[in-house]
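*Asks:* Encoded as structure tokens, here's the structure I'll be asking about.
The values are calculated or read from the model by the stated rules, or taken from the named source; none is laboratory data. If you're wondering where the values come from, they're calculated on a predicted model, not measured in any experiment. Positions of Cβ are backbone-derived with ideal geometry, glycine not excepted, and every protein chain shown enters the neighbour counts. Heavy atoms of the whole protein, side chains included, go into the accessibility calculation; ligands, DNA and RNA do not. Shrake-Rupley method; radii C 1.70, N 1.55, O 1.52, S 1.80 Å.
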Amino acid sequence: MPSLFDTYQLADLPLKNRVVLAPMTRARTADDRVPTPLMVEYYRQRANAGLMLTEATVISEIGNGWNHTPGIYNETQLTGWKPIVEAIHQAESKVFLQLWHCGRASHQSFHPHLGLPVAPSAIAINGDYIHTPDGKQPHQTPRPLTLEEIAATVEDYRQAAVRAKEAGFDGVEIHGANGYLIDQFLQSKTNQRTDAYGGSLENRFRFLHEVTEAVSTVFPSQRVGVRLSPNGVYNDMGSPDYREAFPYFAQRLNAYNLGYLHIVDGLAFGFHNLGEPLTLADFRAVYSGTLMGNCGYTQATAEKAIAAGNADLIAFGRPYISNPDLVQRFANGWALAPDPDPKVWNGTEGDYSTGYTDFPAYI
């Protein structure tokens, strides 16, 4: 039976093991969103994973919705990513850039000259506040994207892929999870449009379809992944028809010959409690390509999912924060370091290395 430590052939990319570094928002850039030398060291330390997925990386200025996260919408940001990619490749790992647009999970203080955040529909997040450049602010009701703006946003994704390819990335992951823009189009809770992008499952899938096709004109489709979160409640998500919707979306994605489908199936990041959780087995029944599981996995549960044939790859997030040598610890039976304090998940001004690059290897 396959294990976490077996190699895996991801289309034309050989992976040295089946462990994936999950995308995690670590927020260590300055206001210009240019990747930094400290980020080079962070990724280099964790390049024991067969495949690395970068933190969510914004494709446009209006897509910003988180302080100090990296971008890929200008040439300076592109240049900042190059030494990170080089360090990962020197360690014989592969890396995909995760493409991100926050949609309604934003605030106009991130892009004051562009106005309100945008979304499929004018439905605000039901939450206490959002952290903005001006401190904590109440969530705003977003402005619905026009048809022309939807087309322009698809082009933003394509241009981001162009820059990712120039920076040397092996591929890209389309972030369709966790209540961000693409997820907002997919889910009935946040998409109440009456045009070709809303209503039916087919129409709600249309935006992801167009983004996937656009990005696949830059990278071969086998170098493109898609991430979905059917069980997630983050950013005020969770739709009553989720058990019908997400298997349909996965089935539709078969047509693209993707590198992988990345499912946030675990419940460690919150569950909407609208029914029984969708499992990797549910997706294996409808999706024929490489399947990646994520969220709350241990070595034991990851091995079980792979041995059962429900997953080909498993992505680990929080364990990789305090265990930069996670694969070696798994392989040797070494104890994992304690879970990191959530206060260090994101950087604080002037002290970006604490809780980031200062976790030691086991030996």
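*Asks:* Quote the relative contact order of the stretch 68-199 in percent (integer), defining contacts as alpha-carbon pairs under 8 Å separated by 6+ residues.
*Replies:* RCO, the stretch 68-199: 31 percent.
*Asks:* At a 1.4 Å probe radius, carbon and sulfur cover how many percent of the accessible area of the stretch 18-146?
*Replies:* 50
*Asks:* Rounded to the nearest whole Å², what accessible area per residue is found for the chain with the 1.4 Å probe?
*Replies:* With all protein chains present, the chain gives 38 Å² per residue.
*Asks:* Whole angstrom only: what separates the Cα centroid of the stretch 303-363 from the Cα centroid of the stretch 1-42?
*Replies:* 12
*Asks:* For the stretch 102-175, which chymotrypsin sites (Phe, Trp or Tyr not before Pro) are both in a DSSP coil and crowded by at most 15 other Cβ atoms within 10 Å?
*Replies:* Those satisfying the criteria are TYR129.
*Asks:* Which residue, LEU267, TYR352, GLY289, has the largest displacement toward the positive end of the dipole of the stretch 257-363 when charges sit on each Cβ (Lys, Arg +1; Asp, Glu -1)?
*Replies:* Going by the Cα projections, it comes out as GLY289.
*Asks:* Between GLU92 and ALA122, take the C-beta separation as r, use R0 = 41 Å, and let me know the FRET efficiency to the nearest 0.05.
*Replies:* Plugging the Cβ-Cβ distance into 1/(1 + (r/R0)^6) gives 0.30.
*Asks:* Which option, [x] 133; [y] 158; [z] 125, is the value of volume of the Cα convex hull per residue in Å³ that was calculated from these coordinates?
*Replies:* Correct label is [z].
*Asks:* Rounded to the nearest 500, what is the chain's calculated 222 nm mean residue ellipticity when only DSSP H runs of at least 4 contribute -39500 (n - 2.57) each, over all residues?
*Replies:* -8500 deg cm²/dmol
*Asks:* What nm value, rounded to one decimal, do you get for the distance between LEU147 and ALA331 when each label is placed 7 Å out toward the C-beta?
*Replies:* 5.5
*Asks:* Sorting check: for 357-363, 288-294, which peptide has the highest mean count of neighbouring beta carbons within 10 Å, and how do the rest follow?
*Replies:* Listed from highest to lowest mean packing, they are 288-294, 357-363.
*Asks:* Mean separation of Cα pairs under 8 Å and 6+ residues apart, divided by the residue count of the stretch 268-363: what relative contact order is that in percent?
*Replies:* 22
*Asks:* Please sort by residue number the trypsin sites (Lys or Arg not before Pro) in the stretch 39-142 whose DSSP state is loop and whose Cβ has at most 13 other Cβ atoms within 10 Å.
*Replies:* Listed in order of number, the matching sites amount to none.
*Asks:* So, by mean Cβ neighbours within 10 angstrom, what's the order for 255-266, 20-31 with the highest one leading?
*Replies:* Ranking, from highest mean packing down: 255-266, 20-31.
*Asks:* What longest region of the chain stays clear of GluC sites (Glu not before Pro) that DSSP places outside H, G, I, E and B and that have at most 13 other Cβ atoms within 10 Å?
*Replies:* Result, exposed sites excluded: 93-348.
*Asks:* Under the rule a/c < 1.5 gives rounded, and otherwise a/b versus b/c splits prolate from oblate, where does the stretch 127-275 land using the Cα gyration tensor?
*Replies:* rounded
*Asks:* Report, in whole Å, the centroid distance computed from the Cα atoms of the stretch 212-263 and the stretch 109-182.
*Replies:* 17
*Asks:* Across the stretch 43-138, how large is the tail of the calculated P(r) beyond 21 Å, expressed as a percent of all Cα pairs?
*Replies:* Result for the distance tail: 43 percent.
*Asks:* Using the C-alpha gyration tensor of the stretch 242-341, what are the square roots of 5 times its eigenvalues, in whole angstrom, with the largest one first?
*Replies:* Calculated on Cα positions only, the semi-axes equal 27, 16, 11 Å.
*Asks:* List the relative contact order of the stretch 197-279 as a percent without decimals, with contacts defined as Cα pairs under 8 Å and 6+ residues apart.
*Replies:* That works out to 37 percent.
*Asks:* For a distance above 15 Å, tell me the whole-number percent of Cα pairs in the stretch 1-76 that qualify.
*Replies:* The calculated P(r) of the stretch 1-76 puts 61 percent of pairs beyond 15 Å.
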